[in-house]
Amino acid sequence: MSELTLQRATTNVVSTTEWRWVIIFAGLLVAVGLLPYAWAFTGSTGSDYSFTGILYNPIDGATLLAKMELGARGAWLFNFPYTPEQTQGVLVHSFYLMLGSLAKLLGFSPLLMFHLARLVAGFMMFASLYHLGSTIWGRLRPRRLFFFMLSVGSGLGWLILTVSRGTNTAPLPDLNIPESIPFYASLVNPHFPLAIAMVASLASMCVVIFRPGFNTEPTLTNGGASLVVLTFALVVIEPFAWLPIGLGIVVYLWILILRSRRIPVMELRWASLMLLPALPVIAYYLVALNGNPAFWLWNRQSDFPNPPLLNMLVGFGLPLIVAIPGLIRAVRRFERDGDRFMLVWLVVNSLLLYLPISFQQRLTIGMFIPITYFAVRSLEDYWFFRISPAWRLPALIALFVFMMPSNILAAGVPLFGVQNSPEGLSTGLLLPREEAAAIQWLRAEGQSGEVVLAPINVSLWIPAYTPLRVVYGHPTETLNAALHNTEVTAWYAGFQCKEIIALYKVRYILTKSADSPCLVVLGLREPVVRFGETRIYRVP
């Protein structure tokens, strides 16, 4: 059997008609993700408030736009725009710096580029998930079940909220950790769905490589070069997405050595293409985090812990329950053809979730893939044999009916904030129009790197839409965030008026009160510009 024939036999080629169906369905899913934004942009038209442009997780979304602003101004090294101190640039967040550079090249605003990239990444994710399913299964039904469950499925967080009547405040993955659920991830930003797409592509190669009978050595033309590029890109964009599957590959190889009592040379060569390209990037990140004082502070105050174990189980909901027979079968038989790798990946990922690190939540990226794999295996090999043919379709419909509400809830809840101005202002979805106009004036008049003292809700969006920095704007990307938050609050209360302005070389002050005690102390009588009650003062 030739290498080409073997490769086709082990990757289960998808027909043109089938790809056409995938493209249409993936396009529909991406289009559905546009509807909430269309509502948000039109829903705030004509009101006293302006939609900030990021509907899901706007507090972190603003920082992504700020990184794109840096890229649009030609920066390839990242420094912190949400802090008044000058920081040394580091080669991180390159994906968003590149998107900003691309936006300027194409004449797009960073916000438009952000959403275009999000849509493209979402489409790539859905296509990659189907490709993984086609690599695993030769039959159409399990492929589509796998694709549907990954694309629109979610957990049972919606049921917990319904039963508790909204009083439950404990975080749930399907409602509070968007990177853990593919559809939810596609709504939030570009790098979550892109990372899931890359993880699915790596998993596709692992399924092929670890399948019995595969004995093709890697070359530059049969997928080897693609693996190197894919691994490198994944670690640059989202290193925490690579970690679970990367360690899963290492553990799988160790198990293979122990069970076969030989060195699996061919598998090691393929696996090295998915492991070695990541090591220099990981090493650089570790050096940057520990050797750069600004990044050391940032890492120290960044904390994204996972919810308790029970909440995690509920967050993966029905797919995890349906998967139980498949998981039991995989443990008992530990077959090399698919089950073993998926089981090792899932176990390694589960153990990594509660490591004592700052970014536990990021380790959930891609975890829904092996869970869904075992759910589909259970449906095909267990549940369908225990459900009469007449009840299979109604049972599947019921399954999807219960799997989809969390995605609907996650997509729809922020719209309440767009329509309800107090909620929208508190969550960062809305800004008063006069403050939005003030930000646009600062964009036109301010010089790159100048510092603005502004209320916290406005400071979040100043670096996102201008080349300026702020005294305090974000709970993790403002260095010494607690201190700067206190200083901003103190200044508007009339304390440390001259000290804060001098210490951080503040150039502009944004305030709504002409009677601020600190304005009198500084001798600032007339604003340089005024938008309604919002005033901007220029410090001499």
> Where a ≥ b ≥ c are the square roots of the eigenvalues of the C-alpha gyration tensor, would you call segment 77-190 rounded, which needs a/c under 1.5, or, failing that, prolate if a/b is larger than b/c, or oblate?
Replying inline: oblate
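Find how much the distance from Ile282 to Glu533 grows on full extension, using 0.36 nm per residue of separation minus their present alpha carbon separation; answer in nm with one decimal. Each step should come with its number before you reach the end.
Values: separation 251, 0.36 × 251 = 90.36 nm, distance 4.89 nm.
Contour length minus Cα-Cα distance gives 85.5 nm.
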> How much length is gained if the chain between Ile397 and Ala31 is pulled fully straight, taking 0.36 nm per residue apart and subtracting their Cα-Cα distance, in nm to one decimal?
Replying inline: 129.5 nm
> Does a label point 7 Å from the Cα of Ala170, set along Cα-to-beta-carbon, have any residues of segment 305-336 with amide nitrogen under 19 Å, and which are they?
Replying inline: 305-321
> Cross-link partners among lysines for Lys498, C-alpha distance below 29 Å, same-chain residues fewer than 8 apart left out?
Replying inline: Lys512
>> More than 13 angstrom separation, counting every C-alpha pair in segment 374-416; what % is that?
In response: 64
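Relative to the Cα centre, what is the charge dipole magnitude of the chain, using +1 at the beta carbon of each Lys and Arg, -1 at the beta carbon of each Asp and Glu, and rounding to the nearest 20 debye?
On the way: 37 positive and 28 negative charges, 262 e Å.
Value, rounded to 20: 1260 debye.
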> Tilt of helix 140-152 relative to the longest C-alpha principal axis of the chain, in degrees (0 to 90, nearest 10)?
Replying inline: 20
> From the square roots a ≥ b ≥ c of the eigenvalues of the alpha-carbon gyration tensor of segment 349-498, which class results: rounded (a/c under 1.5), prolate (a/b over b/c), or oblate?
Replying inline: prolate
>> I need Lys512, Lys498 ordered by Cβ neighbour count within 10 Å, fewest first.
In response: Lys498, Lys512
>> Report the Cα-based extents of segment 432-538 along its three principal axes, largest first, to the nearest Å.
In response: 31, 30, 23
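For the pair Glu499 and Ser272, what calculated FRET efficiency results from E = 1/(1 + (r/R0)^6), where r is the Cβ-Cβ distance and R0 = 41 Å, to the nearest 0.05? Write out the running numbers ahead of the final one.
Values: r = 56 Å, r/R0 = 1.38.
The computed FRET efficiency comes out at 0.15.
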> Which of the listed residues, Gly155, Thr221, Phe114, is farthest toward the dipole's positive end in the chain, when Lys, Arg count +1 and Asp, Glu count -1 at the beta-carbon?
Replying inline: Thr221
>> If R₀ is 35 angstrom, what is the calculated FRET efficiency for the pair Phe304 and Tyr382, using the beta carbon separation as r and rounding to 0.05?
In response: 0.45
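What FRET efficiency comes out for Leu77 versus Leu112 if R0 is 35 angstrom and r is the Cβ-Cβ distance? Round to the nearest 0.05. Provide the component values of the computation, followed by the final result.
Values: r = 24 Å, r/R0 = 0.70.
For Leu77 and Leu112, the calculated efficiency is 0.90.
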> How far apart, in nm, are the 7 Å Cα→Cβ label points at Gln447 and Leu289?
Replying inline: 3.7
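What does the convex hull of the alpha-carbon atoms of segment 61-112 project to on average, in nm²? Each step should come with its number before you reach the end.
Numbers: hull surface 13.4 nm².
Hull-based average projected area comes out at 3.3 nm².
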> Which of the cysteines in the chain are isolated, no other cysteine C-beta under 4.7 Å?
Replying inline: Cys206
> Hey, rough spin-label estimate for Ser47 and Arg525, points 7 angstrom out along Cα→Cβ, what's it come to in nanometres?
Replying inline: 4.0
> At Ala490 and Ile255, where each label point lies 7 Å from the Cα along Cα→Cβ, what is the point-to-point distance in nanometres?
Replying inline: 5.6
> Quick one: if you take sqrt(5λ) for each eigenvalue of the C-alpha gyration tensor of the chain, what semi-axes come out, biggest first, whole angstrom?
Replying inline: 46, 26, 20
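No lab work stands behind these numbers, since they all come straight from the coordinates. The shown structure was predicted, so the numbers you read here are calculated from the model rather than taken from an experiment. Glycine also receives a Cβ, built like all others from the backbone with ideal geometry; neighbour counts cover every protein chain displayed.
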